[in-house]
Amino acid sequence: MKRPNIIFIVADDLGFADLGCYGGREAEFGPVSPVLDQLAAHGLRMTEGYANSPVCSPTRFALMTARYQYRLRGAADEPISSKSKGSTTLGLPPEHPTLPSLLKQAGYHTALIGKWHLGYPPIFSPLQSGYD
């Protein structure tokens, strides 16, 4: 059986009906998210969920680890700012399993494009959490 390709899209400040595939209305120029709508039509579209926090870092932490951020203290403080650079405690612990590290163990190639915001390199680099 062929393994599926997986694209996991996380967006900041996206409302529940901002995309057409979730009931968003068209703008004057037409559909607002035609490419994402097409991806959703041919893939898995999640319709229920719980945001772990109203800000991005704790929510990203929960999505990556399947744990509440306060369980590991990794991204409990928001925002992770330049004041956090060099911190050895504020970030996603590299030894903790993550979605990308588990996918990598299963033979997938992994990539992160865009915002990490779960700690500063080198200690808390995406490369330490399962990304190629």
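Just so you know, all these numbers are worked out from the coordinates, no wet-lab data involved. Note that the structure is predicted; figures quoted are calculated from it, not measured. Every residue, glycine among them, receives a Cβ derived from its backbone with ideal geometry; neighbour counts consider all protein chains shown.
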*In the stretch 82-132, the trypsin sites (Lys or Arg not before Pro) that fall in loop regions by DSSP, at most 13 other Cβ within 10 Å*: K85, K115
_Using a 10 Å cut-off around each Cβ, can you sort M46, M64, M1 from fewest to most neighbouring Cβ atoms?_
M1, M46, M64
_Using Cα-Cα distances under 8 Å and only pairs 6 or more residues apart, what relative contact order does the stretch 1-49 have, in percent?_
23 percent
*Gaussian network model of the chain, springs between alpha carbon atoms under 10 Å - residue of L90, L63, L39 with greatest fluctuation*: L39
_Let me check I have the definition right: for the stretch 81-132, take the eigenvalues of the Cα gyration tensor, multiply each by 5, take square roots. What are those semi-axes in whole Å, largest first?_
22, 11, 7
*Quick one: helix 56-65 against the long Cα principal axis of the chain, what's the angle to the nearest 10°, folded into 0 to 90?*
80 degrees
_Calculated on alpha-carbon atoms, Rg and Dmax of the chain in Å_ = 16.5, 49
*Express in nm, to one decimal, how much length is gained between Y70 and Q38 on full extension, taking 0.36 nm for each residue of separation and deducting their alpha carbon distance.*
7.9 nm
*Alpha carbons only, please: Rg and Dmax for the stretch 1-49, in angstrom.*
12.4, 44
*Spatially proximal lysines relative to K85 (Cα-Cα < 29 Å; intrachain offsets below 8 disregarded)*: K104, K115
*Treating the beta-carbon of each Lys and Arg as +1 and of each Asp and Glu as -1, no other charges, what is the dipole magnitude of the chain about its Cα centre, to the nearest 20 debye?*
560 debye
*Could you work out the relative contact order of the chain, using alpha carbon pairs under 8 angstrom and six or more residues apart, expressed as a whole percent?*
17 percent
